[in-house]
Structures are given as C-alpha cells and as structure tokens.
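*Asks:* Just passing along the structure, written as structure tokens.
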Amino acid sequence: MELIEPSSGKTSSPKDLLPAVPFRKKRQGRLGAILRFPFKTRRRRWFTFGVILVLLILIALPATAGVYLFFQVRGFPALGSELNNAIKDQDLPRIETALGAVDSQLAKVETAFSGMFVFRLVPLVGDYYRDGMHALKAARLAVDTGEEIVTVLRPYQETLGLVQGFGSQITVEQRLQNLLDTLPPLADKLDLVWTNIPLIKEEIQGINPSRYPEDFRGIRIRFWLSEAQNILDETAPIISRGREILEIAPALLGSPKRTYLVLFQNAAELRPTGGFITGFSLLTIKGGTVLANDFHSGAYFADHYPPELGFSPPKPLSKYLNVGKWHFQDSNYSPDFPTTARTILAAWKKSPLPKVSGVVALNTAVAADLLNLSGPIRIPGYDLDLANTGLPEDCLKGERNFTSGNLICRLEFYVEKAPRSSRGTEARKKILDLISDAVIKKISNSSAEIWPRLVDFIFKNLDQKNLMIYAAAEREQKLISDFGYAGEVRESTGDYLYVNDSNFGGLKTNLYMQETVEQSLQELEDGIWRKTVKIRYYNPVPYDGWLSGYYKDFVRIYVPQGSKLVSVDGAFQIWTYADTWSTGIQNPAGWKEFGKTVFGAYFAVVPQKEYFLTFVYDLPSSFAKAMKDSSEYQLLLQKQSGTNIGLVKVQIGDTIETVDLSQDREITIPLGR
C-alpha cells in the first residue's frame, strides 16, 4: 500500500514512516529520578512544585531578613553617637531618651536576625550566625543594664548634677558630698547591673575577632571586637566587686570625717617608695570636702617625737647617709609601700600627733599633673622674676606662675636657692603648703565639668604609682591591694624583676637621670636558665652642685626566690646579705624579702658619662620546668614609684620585646618563635 503525501504529491510506503533509530525512553533528570513516585503525573508535578517552593521560601526568608537587617543596622552609628554624647554631657534625661531609641532599634534588628535562623546550619556561615547571636545578646544585656542604671539614678539626677546645664552649677566639692550621700542606697539597687556585666563579658568573649577583617568601610571591626573583650577583662575585677566599692568608698572619702597622713616624696631625690620625704600634711576630709590641710616639713615629726622611728636604721642607710638614727624623712626604706606605711604608723601612734586613718604617698609627678588639671597658679611671695638667675630652661618658662612644666625646678629653687631677702627663705618649705592649698581650692571651686578629668587623673596616677594608698582598716586595705593601688611587691608565678634605686647623697640628679634596662636569657646545658640584667644610667646635665651631681645609688633587684647570683659588674660594693656588703659575692643566694630573692649594689655615676651595672644570675630550676611545661616565658616587671626607668627590653633567643615601664607590665613570649 502506498500513501500520498499531500504537501509533495509523492507516494511512500508505511515502512518509510518508521524512525531511523531504535526507540529510547527520554532520560530523566536527577530531580526526576529523586522524585519518582508511583503517583499520577499531575500529583508528581504538584509535589515537585511544592518542594521547590519550600526551598525558595527557605532561601527568600533569610535573604529578605538580611536586607531588612542591613537597613536596621545602618541606623545604629547615629544612635550610638547620640548616646555617647549624652553620657559625655552627663545629661540623664537625654541618656534615657537615647537608650530608648537604641532599645527600639535593637528590637528591630533582633526581629530581622531571627529570620536568618537557617544559616546556623550552614557550614562556615553558621560560625558568623552564632557570633551575631552573641553580639545581639550582649547588646540586649547592655541596654537593659543601662536602663536599670538610669532608673536607679533618676531620683538623684538633680542632686548629682545629671541634668542639662545643672552640672555647671554644682562644684566638684558639692558633687562629691552628694555622691557620697547617694552611694550607700545605690549599692542595694543595682543587683541587675552586678548580674548582667559578667553575662555581657561572657557573650562578647564568645566572638572570635580573627574571623573578621581589619577594616570594613572605615570600621575597624577586628580592633573594636578585641578592644571590647580587653576592656571587659580589665574592668571585670572592679565590676565583680561593685557593691563592695560602693559600700567602702564613702568611708575612704571621709564619710564620716577622717584624717590621712599625706607624704610628699621628692622624686628628684629618688628613694624606695618614690622619693625623699620632704614634708607631710595632715589632710582632714569630710564627705569628700577638704576641711583642713596642715602641712609640715619632714623635721616637724622629730620636733614632736624625738625618738622618731625609735630604732637603728637599716645598714645601707647608716653607711651611705652616715646616720645613726632612723629619721622620719628616711622612713620609706622598704620598696613595699604597705611595709613602709606600717613602719611609719607604728612610730606615729607613739607620738602626740593626731590619729590618722591611713597613709597616702604622693611624688612630685602628681603635683605637676595637678597643675595640668587646675591650670597655672601664682603664689604671692614666690613669684620672683627668674629671667637672670641662670636657672635651667624649664625653670624659666611660665613667667611668674607655677606650671606643670616648671613646678619641680621652681620648688627646688625656692627651697634651696631663694635669695635671703625673699619670703621663700623665711619659711621655705611652706611653699608646698601654699601650692597644695591653692590647687585644692581651685579644683574644689571648679564646676563639675572637671569631674571626668579628675577621675582620669586619680586612676592614671594610681596606675603609675605616683599615688599610693594604705588604709589602717583591714577591709579597706584589702580592696586597695586587690585593685593594685597599694604599691606593694606583687606575687608572681613566672619570672620577676623589680629594680629599686635609692639616691643616697646624689643631690637632685634624678631630675635628669635617664635609665634603661636590658634583659637576656640563655638556657644552659643542664636546663637552667641564666639571666643577664644590664642597667644603663646617664645624666646629660653638667655638674652644678645644686641639682645635678655625682649620682650615688644603692640599688636592689628583686628576682624569683631561689635565684643564684653569678656575677655583678659595675658595683663599688655588692650586697648579698641585707646588712653586710663586700667587694665580691659572699652569698650567691642573696637574702629573702616578700617572697623574692634580693641582690644589692652600690655605685656612683659621673654627670654626662654613661654607666652600666650588670647582674648575672641563674633562675631556679622550678622556673625552667614551668617554662618547659607551658612552652612560654612569662615575666612580671614592677615599676618603682618615681623611677627614671623608661624602656625595658627583654630578649630570649631571637625574640625581643620592648615595653615602656610607666606602670607594672606583664610580658608573655611563646618559646620556639
């Protein structure tokens, strides 16, 4: 049979219509193979569509939430800036409004972020999602904490000057009094704060900063994450004892009234706790207000209690100062300030002088820093024209005013060199009394705007040991000690070094002395670590017989207990016993104080010539074992109050670390670097 094709008019047979290749079933895609069900085709199609729709929703939800989150997060910088400015202005109502705005915006971000929950299951991306959860939880805790603080402070906002424009109407003196009256009731109302701060720290510590770029669109992401973690670490000890601080602070600040013995230490003539005690004052405070500041020269104590400290001075004092009596002005022989304070108080209690609640030590750096805070002051009778006196350049600046730059030199001038006709000779040391009274009065009468700077001033000088405190009350002293403000020799588990210089007869050379310390460690064949401590001294100012002279120094180095002295280079005399010296090493084990081994040396430095003093000693075997177990080198460097030491360098193997010894420093160096 033939068929006629209509289009062509040609004929063909049925076999011509068969396919040219064998029949094959169309290959199914991967999705089709997966979704092969024994249902009708229509049902299978609907099921496939449903699965795809679910997948699209799962993708679209977090994507939409991500876009929404982006726009919500963009609003935070402006809100954060407003909150920061409100805090700086100490305006509580404005702080409350700013916190409310942050709270509202944070709630939107939390909602947006919750829509991205699916990302927690995605490899790698899940880590960032969890970081985000930590950050949001920390932010929520922080906002809740801030709102709680605002609620607690609201009844006291006018009393504390926390209302716009009101702070400028309240003096520092008034604000302190109001604050001390307010602290005790506040201590019991801040339970949420004491609870939340550790939780905030825990959430922030859960974020890994190394996962983030150094910089993203001008924001230093990694830096600020690390900074937040560091700040929380540093403030954790204070926050954890916040209630105790609020309970004790009023008593420390004179509520009820109390009197402190304040020692004025001249760091230009360096001594173990900061300087020669040139004078002292009996500072009486009540409610943060100075009621009396009775200043006396160092000799005043001897006039009222001739026995002074009542027993023979330590051997280095008697030898190098040629004294047979331990005078009040030399009482700060111990480098551990609580020990010095207890020595002074033991004699003080026997004297007819007023009872004191504690001892505060200030060195000359505090006085100079105070003038940065208060501004220049002029004292009648101590305002000579010094233009043609031949004084050092730093003495001549500031015209007739005392400034932070010329204070120390001018104090020395009026105490030691003032003309006989000047008022400064009639009561030379009275100048310290006049200056301290003038500064206290100026700061007390300042507006409360100076408050943040005053707080910074106090903590800066506590950290740098220019200001040290000893409280007679045990609970108060423990709190001061725990925060590191007692000026004591600290405990350590690793290596330790405390270089303590005493200027015994070297004029005021520490005004100019430059001092650096280099340390190097070498492992010996028997596994013991040998350490070399090289101290460089240099006075760039020519001898003048007044300030710059031949520097006579008795130095003690405190090292880990059990260390053995190998050699000392540069010493005139070597002290390996607390009361005996020699020209050689008599006792390699040194003597023991405060859980440390101590080695001493005496030497002298000529102006404008470098001098090096070098100690070589072996660290104890326990130290070598600890280093091996931990695979790292740990060192605690303690700063002496008033020290001239600037940079300290540590070398172990090929690794060198350099630190500025403006305060105690801890160094950790991984071994094998």
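Only the coordinates and a few stated rules stand behind these numbers; no lab work does. Everything numeric here is computed off the predicted structure, so don't read it as measured data. Here the Cβ positions follow ideal geometry from the backbone for every residue, glycine too, while neighbour counts run over all protein chains shown.
*Asks:* For the stretch 258-482, what size does the Cα cloud have along each of its three principal axes, sorted from largest down, in whole Å?
*Replies:* Reported extents, whole Å, longest axis first: 46, 44, 29.
*Asks:* Taking Cα centroids, how far is the stretch 254-294 from the stretch 587-604 in Å?
*Replies:* Between the Cα centre of the stretch 254-294 and that of the stretch 587-604, the gap is 31 Å.
*Asks:* Expressed as a rounded percentage, what relative contact order does the stretch 252-315 have, with Cα pairs under 8 Å and six or more residues apart?
*Replies:* Relative contact order for the stretch 252-315 comes out at 28 percent.
*Asks:* In nm, to one decimal, how far is the modelled label at S114 from the one at N587, with both set 7 Å along Cα→Cβ?
*Replies:* 7.2
*Asks:* How much length is gained on full extension from D383 to A107, taking 0.36 nm per residue of separation minus their Cα-Cα distance?
*Replies:* My answer for the length gained is 93.1 nm.
*Asks:* If R0 is 51 Å, what FRET efficiency do you get for S210 and W546 from their C-beta distance, rounded to 0.05?
*Replies:* Result of the calculation: an efficiency of 0.35.
*Asks:* Based on Cα coordinates alone, diagonalise the gyration tensor for the stretch 495-670, multiply each eigenvalue by 5, take square roots, and list the semi-axes in whole Å, largest first.
*Replies:* They are 29, 19, 13 Å, listed largest first.
*Asks:* Multiply the residue separation of A473 and V616 by 0.36 nm, subtract the distance between their alpha-carbon atoms, and state the gained length in nm to one decimal. If you can, show how the numbers build up before the last one.
*Replies:* On the way: separation 143, 0.36 × 143 = 51.48 nm, distance 4.14 nm.
Stretched out fully, the A473 to V616 stretch lengthens by 47.3 nm.
*Asks:* Taking neighbour counts of Cβ atoms within 10 Å as a proxy for exposure, in what order, fewest first, do L124, L507, L321 appear?
*Replies:* L124, L321, L507
*Asks:* Next question, about the same structure. Round to the nearest 0.05 the FRET efficiency obtained for S520 and F311 when R0 = 45 Å and r is the Cβ-Cβ distance.
*Replies:* 0.65
*Asks:* For D660, D91, what's the fewest-to-most ordering of other Cβ within 10 Å of each Cβ?
*Replies:* By the 10 Å Cβ count, ascending: D660, D91.
*Asks:* Still on this structure, please answer the following. Cα-Cα over 26 Å: which of K108/K201; K201/K649; K325/K534; K508/K534; K319/K460?
*Replies:* Violating the 26 Å Cα-Cα cut-off are K201/K649; K325/K534; K319/K460.
*Asks:* Sort S210, S492 so the one with the fewest other Cβ atoms within 10 Å of its own Cβ comes first.
*Replies:* S210, S492
*Asks:* What list of whole percents do you get for P(r) of the stretch 563-603, with Cα-Cα distances grouped in 10 Å bins up to the one holding the largest distance?
*Replies:* 34, 57, 9
*Asks:* Taking each pair of different alpha-carbon atoms in the stretch 294-381 once, compute 1/r for the pair, average those values, and report the inverse of that mean as the Kirkwood hydrodynamic radius in Å to one decimal.
*Replies:* 15.1
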